[in-house]
There are 2 protein chains.
Amino acid sequence: MGAKKIGKQTVRLNEGVRIMSVASTVSKKESEGPLGKYFDKIIEDSMFGEKSWELAESHFIRENMELVVQKAGLKMKDMDYLLCGDLLNQCTASTFGTVDFQIPFFGLYGACSTMGESMSLGAMLIDGGFANYTLVGASSHFCGAEKQFRAPLSLGNQRPPTATWTVTGDGAAVLAKKGNFPCIMEITTGKIVDMGITDANNMGAAMAPAAVDVLVNHFKDTGRTPQDYDVIATGDLGEVGRSLVVALMKKEGYTMDGRYTDCGIEIFDKNAQDTHSGGSGCACSAVTFCAYFYPKLMNGEIGRMLFIPTGALHSPTSSQQGQNIPGIAHAVVIEGCGEKEARK
Amino acid sequence: MGAKKIGKQTVRLNEGVRIMSVASTVSKKESEGPLGKYFDKIIEDSMFGEKSWELAESHFIRENMELVVQKAGLKMKDMDYLLCGDLLNQCTASTFGTVDFQIPFFGLYGACSTMGESMSLGAMLIDGGFANYTLVGASSHFCGAEKQFRAPLSLGNQRPPTATWTVTGDGAAVLAKKGNFPCIMEITTGKIVDMGITDANNMGAAMAPAAVDVLVNHFKDTGRTPQDYDVIATGDLGEVGRSLVVALMKKEGYTMDGRYTDCGIEIFDKNAQDTHSGGSGCACSAVTFCAYFYPKLMNGEIGRMLFIPTGALHSPTSSQQGQNIPGIAHAVVIEGCGEKEARK
């Protein structure tokens, strides 16, 4: 009875917390990528009829969260807690996107790791007996993020090959106690890792060490290896970050083979879409999980998945003051609905 | 066994989660106020020897969190989770203040309600069986906050009477399963409440409706009245916000008498210190609770307290775009170590 701490930074949930429904709403560029056909809703106009990018992001959140609750066959008032966050200063996209819901709200800031953070805390609140249903999610907006973190879009800056493309959209899930749905089984919460990266156009390198840290600790805590998972997916490291993870994990004695991918690689076609290293932003891992991986967990194609949203914990102010860009990553083990073979 | 949901938005913890130790580190202005003698550490230089206000805030966090763990007789590695947040864009004060701790980290954004949010989630992680110890806290810095939210300090803007003064410092607590310490018994998590306030110099009015919402729901859920508490303390509403709460609660049928105060009123002498409506910032409720109320809970002078940090969920961008300033407030019931009389 009750959750169990295993190893140093992993907890195993009591009975597993169900991911009852998921929803993803994205914009035009995402719809043109390899995952285009999997998203629930495409909003061609990235302004979503609003007068600012920031309000547009709130609109993505609002509609997508309404959708995910509806897909669960529930009402907004059934949600015991809402946990979400975004990249905007003071997380205002989440504030204005969810103000109408009137649910007890825990605002999170985990940068692009937010989907991992919201799923972790949302699952623990259910497993701990505090909630029947939690609504969790994360969002980002390309235009809002570029304006805030790098340079005004109208400046037309050239993007270096290490740059990633912030995903516009919202991914959300309803977590529940029971039901025949994919299950959150274990949670390995990440630490802040600072390896001295200072280039705001190389988020992959900034976040890769945090992903490696949480991966290594997850494998140590559980006694597993990468080969015990059908899919391992980091959040938004892109090509640059993924190859760093593979190299760094090799040094740690783990082989990250073809079952390891990154949501930022899956979501865009880097050649056709000119997205350089890949996709990024809180929404990158959130919508890729909801649209692409969840159905495979549901139909049993994926038996066990390690989902690791990754975040870069910097601000324009900290970067301008010459500070490093530390990273964080939160790992969540999700088991699919298929027949369960014996596992470690 | 296990937590119990009571009413619509309150949970009652299993055995209560102990507040094992608290620490508060503040700067000169706070030391000159009525609570000056209660703080653990006074750093006269609000720059704390750093080259920026932002780094100074991180320094306050780091030293204060090291202190609170030491006061608990524990080591940083004993902490299962760290939950904290601040007001800076992308919460970088918390990132750079805690990066050396190497504890699994959940970053929070609750504006000035963060101490309530971190205590709530930190307590639930323990009560749910996920942790033995959690480290929770919140920080703010007058100079960093003014620069970011209002106007550069060097502009010397005149402050209207409704303005509050952001507290410089960090308040932190170590939460634990057992021990003869003040106990977190119930948690009422707030909803985002938007009553149409747009004045960034009147945070009290922006946050008061959220405080009223959580108060009313707390009393409905628990069947109590304000008179069932020895102390009710909101976070940083100041004089303006407190009088709004009293008036609005009267309309709801509750008498908020002398046992109701606001941390922003306690921390500064508004006449002698020229702080207008009172203190504010994440640190306002955090350090006032740790320095002033906790010892009274420890020695039994306070039997039962309702602690309600309050936050304004806006950003300079959202304000400049003409958006309202929604509020949020998180209520935590803390029982003291004194003899427990029969209570509802």
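The values are calculated or read from the model by the stated rules, or taken from the named source; none is laboratory data. Note that this is a predicted model, so its numbers are computed, not measured. A quick note on method: Cβ atoms are made from the backbone with ideal geometry, for glycine too, and the neighbour counts reach across all protein chains shown. Note: areas computed on protein heavy atoms with side chains; ligands, DNA, RNA excluded. Shrake-Rupley method; radii C 1.70, N 1.55, O 1.52, S 1.80 Å.
Dipole size in debye (nearest 20) for the protein assembly as shown around its Cα centre, Lys and Arg Cβ +1, Asp and Glu Cβ -1?
Rounded to the nearest 20 debye, it is 1320 debye.
How far is residue B:44 from the same spot in each other copy, in nm, shortest first, if each label point sits 7 Å from Cα toward Cβ?
6.8
Only bridges whose two residues both fall in the stretch B:4-176 count here: according to DSSP, what percent of them are antiparallel, nearest 5?
65 percent
In nm, to one decimal, how far is the modelled label at residue B:199 from the one at residue B:50, with both set 7 Å along Cα→Cβ?
About 3.2 nm, to one decimal.
So what is log10(I(q)/I(0)) for chain A at q = 0.10 1/Å, when the Debye sum runs over its Cα atoms only?
Here the Debye-derived log intensity ratios amount to -0.51.
Evaluate 2.2 N^0.38 Å with N set to the residue count of the stretch B:1-94, then give the Cα radius of gyration divided by it.
Computed over Cα atoms of the stretch B:1-94, the ratio equals 1.37.
Residues with amide H under 5 Å of residue B:107's amide H, sequence separation 5 or more or different chain, H placed in the peptide plane at 1.01 Å from N; which?
Sorted by chain and number, the residues that satisfy this are A:109.
Loop only by DSSP, 14 or fewer other Cβ within 10 Å of the Cβ. Give me the trypsin sites (Lys or Arg not before Pro) in the stretch B:105-188 that pass, ordered by residue number.
B:178
With +1 on the Cβ of every Lys and Arg and -1 on the Cβ of every Asp and Glu, and nothing else charged, how large is the dipole of chain B about its Cα centre, in debye rounded to the nearest 20?
800 debye
Over all residues in B:125-137, what is the mean tally of Cβ atoms on other chains that come within 10 Å of each residue's Cβ?
Mean inter-chain Cβ contacts per residue within 10 Å come to 4.
For chains B and A related by rotation, which residue of B has the Cβ nearest the axis, and what is the rounded distance in Å?
Closest Cβ on chain B to the axis mapping it onto A, in Å: B:128, 1.
From the protein chains alone at 1.4 Å, what is the descending order of accessible area for A:4, A:51, largest first?
Final ranking, largest accessible area leading: A:51, A:4.
Where both partners of a DSSP beta bridge lie in chain A, what percent of those bridges are antiparallel, to the nearest 5?
65 percent
So how far apart, in nm, are the two label points at residue B:180 and residue B:159 if each is 7 Å from Cα heading toward Cβ?
About 4.3 nm, to one decimal.
If one computes the Cα centroid of the stretch B:32-69 and of the stretch B:177-247, what distance in Å separates the two points?
For the stretch B:32-69 versus the stretch B:177-247, the Cα centre distance is 26 Å.
Compute the label-point distances linking residue B:272 to its equivalents in the other copies; points lie 7 Å from Cα along Cα→Cβ; give nm, one decimal, shortest first.
Going from nearest to farthest copy, the values are 7.2 nm.
Tally up the carbon and sulfur contribution to the accessible surface of the stretch A:1-109 as a whole percent, 1.4 Å probe, everything protein left in place.
Carbon and sulfur atoms account for 47 percent of the accessible area of the stretch A:1-109.
Between residue B:247 and residue B:274, what FRET efficiency comes out of the Förster formula 1/(1 + (r/R0)^6) with R0 = 25 Å and r the beta carbon distance, rounded to 0.05?
Working from the Cβ atoms, E equals 0.45.
Running a GNM on chain B with Cα contacts under 10 Å, which residue among B:190, B:129, B:107 ends up with the highest mean-square fluctuation?
Largest GNM mean-square fluctuation: B:129.
Which distances in nm, rounded to one decimal and ordered from shortest, link the label point of residue A:295 to the equivalent label points in the other identical copies, with labels set 7 Å from Cα toward Cβ?
6.3
Cα centroids of the stretch A:133-174 and the stretch A:310-338: how far apart, whole angstrom?
Answer, in whole Å: 14.
Along the charge dipole of the protein assembly as shown, pointing to its positive end and built from +1/-1 on Cβ of Lys, Arg, Asp and Glu, which listed residue (A:240, B:120, A:149) has its Cα farthest out?
Positive-end residue among those listed: B:120.
Sum -39500 (n - 2.57) across every DSSP H segment of at least 4 residues in chain B, then divide by the residue count to get the 222 nm mean residue ellipticity, nearest 500.
Value at 222 nm, helices only: -9500 deg cm²/dmol.
So how do B:32, A:335 rank on accessible area, 1.4 Å probe, biggest first, that is with the largest at the start?
B:32, A:335
Magnitude of the Cβ-charge dipole of the stretch B:1-100, K/R +1 and D/E -1, about the Cα centre, nearest 20 debye?
In debye, rounded to 20, the stretch B:1-100 gives about 680.
Please name whichever of B:132, B:287, B:268 sits farthest to the positive end of the charge dipole of chain B, dipole taken about the Cα centre and charges placed at Cβ: Lys and Arg +1, Asp and Glu -1.
It is B:132.
Can you give the Rg to Rh ratio of the stretch B:201-342, both from alpha-carbon atoms, with Rh computed by the Kirkwood formula?
Value, to two decimals: 0.99.
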